[in-house]
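The values are calculated or read from the model by the stated rules, or taken from the named source; none is laboratory data. Keep in mind it's a predicted model, so treat the numbers as computed, not measured. For neighbour counting, all protein chains shown are included, and Cβ atoms are generated from backbone atoms with ideal geometry for every residue, glycine included.
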């Protein structure tokens, strides 16, 4: 990177940075992308995994967001069909007002009309059925144990669920690299390079060697999310700061499978106030994902910490919404925590509101600083769309916009060239090696799509690589080798938390962790001390309760 001058340099590689790098490369720009830690290792690693189609925005009469979200949900299912799948959802109906059967049905009907083309030119497995209402007895079958005298039935609709959100970011970045982009993780931007009021690049520091490298570019995109203000402070100029405030958000992975097929939205109350909170319970890898808890975060980002009060209050919320679950701390398998930008003024509210719309700031127009854009967003669903809009702006600024239309919405991500997903799965199972378990194969197909074959090829010389790394994991050894050789995994955390499904349903046990560390250590020539250090680092990163 130090020997080139790029059209675009992207600082920060969560889901927005990854899709922006892909968009830039597909549009013919020379592009580099860096992240101070691992790709998708911060805010983008903490979500409820739902790819929202926009139904909830009808309550705010925000038709633009409904259409945008439904379109991008469809696009993600089209370009990453192995990772994004339809998810049936339900919400109980009650009373005579906004949550009543007639009102909920009319809302879903309006949504179906607005998104009439949601199933056009798409694999039937990705079809989003129309919404409908069901009687109370049917809802009780969907949500075993839930019994509330207020309910008289439920509204049912479909959204989508990402099998692994971290892999969605990783393959978006791989697509960028396949199209010519250069990418580096553990490369922290330490200062901007300027010529007067023009940004001409950045200086990045290698987290392992400490070496500093100057990376030159015609335009720098600040894609650092919650860190955007801190990044801009390195300019030494008075510029528009995009982050008004921050909130800590939590999602729990629960050990129990409370739901079989449907996600469900339930309302709860706290003893301390009477405001209704909508919480979602989502089927997740044989367990349950529950979210979302939100509170104001004040102070610097590196001081973000999940407190005892957060855990206890969130449990109170969940039990208020789903009393029969009777959740305790022992039911929590994993805590996902992240800091997100919030709406201006909502830091004064009892509960801050996440940023509703993305922000694209041209610092030349706003502040007189050339060569710098800031992009800020919080939704997984619309990251590709925001990337397209961002690069349209970049092309115009660089004088390279030729009027051509982006093809990123129809160009499959790596592993996503699957026109018929069900047939793909059945064909793969029919040709499966005898040494590979059905559970491991299913995980491979849903995690890697058509790229699963390259992972199986690693087992041709050593059948042991096709075996699960432990009795409690479906992940095979070849996945770890692949993460190191082909996906820039540098640390054990990169593999355990982001490249594979090892920690999807909870913190891995000691046997699984040690097995993964040993395989990775052999690949990277780690000694015993380094292996122990890497294991300790994973334990420090995941949040035990």
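Just to check your reading of the model, which residue among 402, 435, 420, 471 is surrounded by fewer than 20 Cβ atoms within 10 Å (Cβ to Cβ), under 27 Å from residue 19 (Cα atoms) and in contact (Cβ under 8 Å) with a residue 12 or more places away in the chain?
Going through 402, 435, 420, 471 in turn, the sole match is 420.
Whether any residue in region 487-506 is over 24 Å from residue 417 (Cα atoms), in the same structural domain as residue 428 (by TED's automatic domain parsing) and surrounded by fewer than 15 Cβ atoms within 10 Å (Cβ to Cβ) is what I want to check.
no
Please work out if residue 440 is in contact with a strand residue (DSSP E or B) (Cβ under 6 Å, 6 or more places away or on another chain) and over 14 Å from residue 80 (Cα atoms).
Taking the combined requirement at face value, the residue satisfies it.
Considering 374, 381, which residue is within 30 Å of residue 292 (Cβ to Cβ), in the same structural domain as residue 175 (by TED's automatic domain parsing), assigned to a loop (DSSP other than H, G, I, E, B) and touching a strand residue (DSSP E or B) at 6+ places or on another chain (Cβ under 8 Å)?
381
Please verify whether residue 225 is in contact with a strand residue (DSSP E or B) (Cβ under 9 Å, 6 or more places away or on another chain) and at positive phi, treating the condition exactly as stated.
Yes.
Which one of these is free of Cβ contacts under 8 Å to residues at least 40 places away in the same chain and assigned by TED's automatic domain parsing to the domain that holds residue 375: 225, 180, 210?
Step by step, each of 225, 180, 210 is checked, and only 210 is free of Cβ contacts under 8 Å to residues at least 40 places away in the same chain and assigned by TED's automatic domain parsing to the domain that holds residue 375.
Of all residues being assigned to a loop (DSSP other than H, G, I, E, B) and in contact with a strand residue (DSSP E or B) (Cβ under 7 Å, 6 or more places away or on another chain) in region 18-34, which is nearest to residue 68 (Cα to Cα)? Just the residue, please.
The selected residue is 29.
Within region 371-385, does at least one residue satisfy the condition of being modelled with pLDDT of 95 or more and more than 30 Å from residue 249 (Cα to Cα)?
The answer is yes, given that some residue of region 371-385 is modelled with pLDDT of 95 or more and more than 30 Å from residue 249 (Cα to Cα).
Just wondering, is there one or more residues in region 482-502 that are under 28 Å from residue 445 (Cα atoms), without any contact (Cβ under 8 Å) to a residue 60 or more places away in the chain and over 25 Å from the mean Cα position of the chain (by Cα)?
no
If you take the residues in region 124-163 that are in a loop (DSSP other than H, G, I, E, B) and at pLDDT below 95, which one is surrounded by the most Cβ atoms within 10 Å (Cβ to Cβ)?
Looking at residues that are in a loop (DSSP other than H, G, I, E, B) and at pLDDT below 95, I get 143.
For region 79-96, state whether one or more residues are more than 29 Å from residue 421 (Cα to Cα), touching a helix residue (DSSP H, G or I) at 6+ places or on another chain (Cβ under 8 Å) and surrounded by 21 or more Cβ atoms within 10 Å (Cβ to Cβ).
Yes - at least one qualifying residue is present in region 79-96.
Which of the residues belonging to region 516-545 are outside any helix (DSSP H, G or I), at pLDDT 95 or above and on the phi < 0 side of the Ramachandran plot?
Once the filter is applied, which keeps residues that are outside any helix (DSSP H, G or I), at pLDDT 95 or above and on the phi < 0 side of the Ramachandran plot, region 516-545 yields 526, 527.
Condition first: part of a loop (DSSP other than H, G, I, E, B), surrounded by fewer than 16 Cβ atoms within 10 Å (Cβ to Cβ) and in contact (Cβ under 8 Å) with a residue 24 or more places away in the chain. Can you find one or more residues in region 328-347 that meet it?
yes
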